[in-house]
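*Asks:* The following block contains the structure, expressed as structure tokens.
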Amino acid sequence: MEKATGKSIFKGIAIGRILFYQKGEQQVKRVKVEDTEAELKRYEQATEIAVGQLNELYQNAVKEVGETNAAVFEVHAIMVQDGDYVDSIRNIIETQQVNAEFAVATTGDNFSKMFSEMDDEYFKARAADVKDISERIVNILSGVENSGDIGDEPVIVVAEDLAPSETVQMDKEKLLAFVTRLGSSNSHTAILARTMNIPALIEVEIKEEWNGKLAIVDGYSGTFYIEPEEEILAQMKERQDEDIRNRKLLQQLKGKEDITLDGKKIKLYANIGGVKDVASVLANDAAGIGLFRSEFLYLEADDYPSEESQFLVYKKVAENMAGKKVIVRTLDIGADKQADYFQLGHEDNPAMGYRAIRICLDRVDIFKTQLRALFRASAFGNIAIMYPMIISVNEVKKIKEIVELVKKELDVQEVPYGNVEQGIMIETPAAVMISDLLAQEVDFFSIGTNDLTQYTLAIDRQNSKLDNIYDSHHPAVLRMIQKTIENGHKHGCWVGICGELGADPTLTQAFLNMGIDELSVSPTFVLPIRKNIREMKVNGAPEL
Ligand code: PEP
Ligand code: MG
């Protein structure tokens, strides 16, 4: 038996054979052809197949990981048919009289180089996409399986690193777990693993010779057993059975109240990124949506989403939730979330840069469009709005002025809207320190512990080198949470947590003791946290 350790990003046990996953990079040869017409035809057919594959991948990915994460395949399908890209390939085939594989690979390399040299983060990122689609077409032309194919047997995928697009392409039925050498726990791939409920380890010193061997991923201890001894195998099978029993037990909590043993009711809500995630919110019986990350609507689009298109999305979510609370966070774009049409440009320190509410208060037209859509949708359900990255009372006052303007416009146009609760995210130390003043301006606070940890500890949440000291349990972070709750309550605000920390079962008791009113967690964490709440009593505020 061999043992390796890593960092777990999703708890659970997986037992199965290892598939050492490598990106198949093809060596493409330049071959002279006589019949360029036939070569162009081959190329056209391969493009059709590629578009078909990408559409199918998109449909599957939407079902498995939601629209937001699946959007990459839609973009790829568009890129495959892009005029300049197609012209370049056709031109190489015709003028150089060469095989389609060579024309596609050459165009892929040229475009990718051109993108990577651009002084724009969005276009730089497209370099990888254009390589990806070219590889797909070359693979089709030469009859090679595409990346993401993990065969017919269930496997533990071991890889150097996995791109989100590769993870999402893997057949969920066959993917038992994944183990990588690179990656960070806040990476997109890690978030996908959690969404897909798949045990996963990162930072493991992987070896190619493990390919095909039986192995166990223990997501509880972060251990990877290769060719495990009988005793370990039996122990882990027992643990796996226990997990299944626990999941079944959790199902019995559906329909039950989120209430402590001594009668304190908690609002237990779920976080979503789009309409598709609502199914999971309902399946896990959350009492509402505590964070709808609306920026994903903007990230999925090629241009600013119109008021009408946004209205339809918010309305649908509100209607599907049938009167349950839906808290929509207004556009939180910038930093790691970029959309080219915003033309945000390069910043040396984007996490502390032009982002979120700062953009909305600067480009009021964008903000007003979203607010109009939200208020209109509020006539169809129980919508609340919250604003991200607040640092001052002045910002909140400006927001309120714009909201009043929007409401007046709707009144004049006789457009109906509901009674909309207004809240802010508390995710900067500045907001915590003036939470007594902010509380007098709004109905509720929702603590964004992901950013609050980043800004309190001065640790970039995207930097995997600092994963080991990005400590959300740091007393400074916990004191910030406690102070926010105290100040909120003093001034009549209810207070929730919508950052990842809200789903940390080891902190549920502490949050209850601090007096938390709401926890908003990934849908799959709703029932485990409900179980915790129902087994606990509220004690006095903790000494931190
Ligand atoms: C947070 O910062 O905790 C949060 C919920 O927002 P996001 O993770 O989208 O920045
Ligand atoms: Mg945040």
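The values are calculated or read from the model by the stated rules, or taken from the named source; none is laboratory data. What you see is a predicted model; the values in this text were computed from it and never measured. Note: ideal-geometry Cβ built from the backbone for every residue, glycine included; neighbour counts use all protein chains shown. Remember, those area values only see protein heavy atoms, side chains included, never the ligands or the DNA or RNA. Shrake-Rupley method; radii C 1.70, N 1.55, O 1.52, S 1.80 Å.
*Asks:* Between 138, 45, 259, whose Cα lies farthest towards the positive end of the dipole of the chain when Lys and Arg beta carbons carry +1 and Asp and Glu beta carbons carry -1, centred on the Cα centre?
*Replies:* Value: 259.
*Asks:* Once you have a ≥ b ≥ c as the square roots of the Cα gyration tensor eigenvalues for region 36-142, tell me rounded if a/c is under 1.5, and otherwise prolate or oblate according to whether a/b is larger than b/c. Write out the running numbers ahead of the final one.
*Replies:* On the way: a/c = 2.77, a/b = 1.33, b/c = 2.08.
Oblate.
*Asks:* With +1 on the Cβ of every Lys and Arg and -1 on the Cβ of every Asp and Glu, and nothing else charged, how large is the dipole of region 353-407 about its Cα centre, in debye rounded to the nearest 20?
*Replies:* Details: 10 positive and 5 negative charges, 11 e Å.
I would put it at about 60 debye.
*Asks:* Sticking with the crude label model, points 7 Å out along Cα→Cβ, report the distance from residue 78 to residue 309 in nm, one decimal please.
*Replies:* Roughly 0.8 nm, to one decimal.
*Asks:* Next question. Please work out the FRET efficiency for the pair residue 458 and residue 534, using the Cβ-Cβ distance as r and a Förster radius of 35 Å; give the result to the nearest 0.05. Write out the running numbers ahead of the final one.
*Replies:* Numbers: r = 37 Å, r/R0 = 1.07.
Efficiency for this residue pair is about 0.40.
*Asks:* Also, I was wondering about something else. Within region 355-454, what whole-number % of the accessible surface is contributed by carbon and sulfur, with the 1.4 Å probe and all protein chains included in the calculation?
*Replies:* 51 percent
*Asks:* Keeping all protein chains in place, calculate the accessible area per residue for the chain (probe 1.4 angstrom), answer in Å².
*Replies:* In whole numbers, the chain has 45 Å² accessible per residue.
*Asks:* So if I place +1 on the C-beta of Lys and Arg and -1 on the C-beta of Asp and Glu, and nothing else carries charge, what would the dipole magnitude of region 256-534 be about its Cα centre? I want it in debye, nearest 20.
*Replies:* The dipole magnitude comes to about 760 debye.
*Asks:* Let me ask another. Sequence neighbours fewer than 8 away in the same chain don't count; with that in mind, list the lysines whose C-alpha is under 26 Å from residue 113.
*Replies:* Correct list for residue 113: 23, 29, 32, 124, 131, 337.
*Asks:* About its Cα centre, how strong a charge dipole does the chain have in debye, to the nearest 20, once Lys and Arg get +1 and Asp and Glu get -1 at the Cβ?
*Replies:* Charge dipole, the chain, about its Cα centre: 2080 debye, nearest 20.
*Asks:* In deg cm²/dmol, rounded to 500, what helix-only [θ] at 222 nm does the chain give when every DSSP H run of at least 4 residues adds -39500 (n - 2.57) and the total is split over its residues?
*Replies:* Working: 19 runs with 250 residues, N = 544.
Here the helix-only value at 222 nm equals -14500 deg cm²/dmol.
*Asks:* Here is a further query. For the chain, what does the alpha-carbon gyration tensor say about shape, rounded, prolate or oblate, given a ≥ b ≥ c as the root eigenvalues, a/c under 1.5 as rounded, and a/b over b/c as prolate?
*Replies:* Verdict is oblate for the chain.
*Asks:* Further, regarding this structure: For residue 483, list the aspartates and glutamates whose Cα falls under 16 Å from its own Cα; do not include residues on the same chain fewer than 8 positions away.
*Replies:* Cross-link targets: 427, 436, 517, 518, 543.
*Asks:* Related question: Give the lysines whose C-alpha is closer than 23 Å to that of residue 256, dropping any in the same chain fewer than 8 places away, or say none.
*Replies:* 248, 264, 265, 267, 324, 325, 531, 537
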